Amino acid sequence: NRSLVTIANHSKERILYLLEMAKEFEKKPNRRLLAEKVVATLFFEPSTRTRLSFETAANRLGARVIGFTDPKVTSSSKGETLKDTIMMVSNYADIIVMRHYLEGAARYASEIAPVPIVNAGDGANQHPSQTMLDLYSIYKTQGTLDNLNIYLVGDLKYGRTVHSLLMAMRHFNPTFHFIAPTELRMPEEYKLYCQEHNIKYIEHTDFTEDTIADADILYMTRVQRERFTDLMEYERVKDLYILNGKMLGKTRPNLRILHPLPRVNEITYDVDESPKAYYFQQAQNGLYAREAILCDVLGITLDEVKADTNK
Ligand code: CP
């Protein structure tokens, strides 16, 4: 099964191959490589970018899209299980892109579905398609993925995007810097992962212009209200780390600021004017990365993408 559940098993060669494919799609997004295919997007949690960019990718590849954005209007609200929903939709679609609030839901779906599953985010666990667009954005802006200083800021506990990014970067000798409130620190399992894979990481308590002066990538994240059971705790930590334009004064010229978005308060609007702000272009890169993912999961090769010269 060609499902994309996690980025953890992707080799360096495979990641670079998918980035090469994304580059082809950036040159020419409209290619009818998936004509006659049906892509299902099942979103059990809210989304703007992931769903819309997957659906745009499918449309630009000539596929048709079915799906839902509100599980309340589906039969899951009547008690239908995830298993039955997946088995049913597999009768209609060639591929299922799924976001679910439960960690492991995509893995489970991939084990029972006769069609490939693409994990569009499972709880606080993984978000591998986001990682492909993050890697593409890093590569485009830095000219390399190797030997970079990457600062991860905000909600590192529940932040599935930072978990997936950390795992994918193991091939590229990064130094990670973690900046998070005590309650939202990077989970131990990811620190152990760093140790097992010789990934350098440094934990900081401050978030000042001096702290980030040597950053190549500053990856901001939102504190996710929806993951807290205690909303008082959310109120306590939500605004602890806010990036503003003044903090960019000492930063490197090549610094780029990424954010998976949506943002709430963690980047002030004056930062948007800086050429170092890259989060909206990053979201645009999601289209090309997701075209590559859809093709790859459905068995279309890079050579086939390159050979497609149809208007
Ligand atoms: N980055 C991301 O996953 O955004 P959405 O939640 O809007 O899909």
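Quick check, is Gln224 open to solvent by 70 Å² or more (accessible area, probe 1.4 Å) and within 16 Å of the ligand (Cβ to nearest atom)? It is false that Gln224 is open to solvent by 70 Å² or more (accessible area, probe 1.4 Å) and within 16 Å of the ligand (Cβ to nearest atom). Residue count for segment 231-275 satisfying the condition of being at pLDDT below 95, open to solvent by 70 Å² or more (accessible area, probe 1.4 Å) and charged (D, E, K, R): 2. Quickly run through segment 134-183 and pick out the residues that are among the aromatic types (Phe, Trp, Tyr), open to solvent by 10 Å² or more (accessible area, probe 1.4 Å) and away from the ligand (no atom under 16 Å from the Cβ). Within segment 134-183, Tyr139 is the sole residue that qualifies. Taking segment 158-202 only, how many residues are touching a residue at least 40 places away in the same chain (Cβ under 8 Å) and either outside any helix (DSSP H, G or I) or among the small types (Gly, Ala, Ser) (or both)? Residues in segment 158-202 being touching a residue at least 40 places away in the same chain (Cβ under 8 Å) and either outside any helix (DSSP H, G or I) or among the small types (Gly, Ala, Ser) (or both): 7 in total. Considered as a group, the residues in segment 106-122 that are away from the ligand (no atom under 16 Å from the Cβ) and of a type in the set (Val, Ile, Thr) include one that is farthest from the chain's Cα centre (by Cα), and that residue is Ile112.
Figure legend. Inter-residue proximity from segment 258-286: first residues outside any strand (DSSP E or B), second residues within 11 Å of the ligand (Cβ to nearest atom) and among the polar types (S, T, N, Q), beta-carbon distance below 6 Å, spacing 6+ or different chains. Indicated pairs: Pro260/Gln130; Pro260/Thr161; Gly286/Ser53. Scanning segment 52-59 for residues that are charged (D, E, K, R), out of contact with any Pro (no Cβ under 8 Å at 6 or more places or on another chain) and over 23 Å from Leu133 (Cβ atoms) turns up nothing.
Scanning segment 12-46 for residues that are part of a loop (DSSP other than H, G, I, E, B) and in contact with a Phe, Trp or Tyr (Cβ under 9 Å, 6 or more places away or on another chain) yields Pro29, Arg31, Phe44, Glu45. Annotation: of all residues in segment 274-308 being β-branched (Val, Ile, Thr) and in contact with a Cys (Cβ under 9 Å, 6 or more places away or on another chain), the one that is nearest to His127 (Cα to Cα) is Thr301. Screening segment 54-133 for strands (runs of 3 or more DSSP E) wholly inside it with 2 or more residues that are buried (at least 24 other Cβ atoms within 10 Å of the Cβ) returns the ranges 95-100, 117-122.
How many residues, within segment 1-50, are surrounded by fewer than 22 Cβ atoms within 10 Å (Cβ to Cβ), within 16 Å of the ligand (Cβ to nearest atom) and of a type outside the set (A, V, I, L, M, F, W, C)? Total meeting the criteria: 6.
The values are calculated or read from the model by the stated rules, or taken from the named source; none is laboratory data. If you're wondering where the values come from, they're calculated on a predicted model, not measured in any experiment. Don't worry about glycine lacking a Cβ; one is built from the backbone with ideal geometry, like all the others, and counts go over all protein chains shown. These area figures cover heavy atoms from the full protein model, side chains too; ligands, DNA and RNA do not enter into them. Shrake-Rupley method; radii C 1.70, N 1.55, O 1.52, S 1.80 Å.
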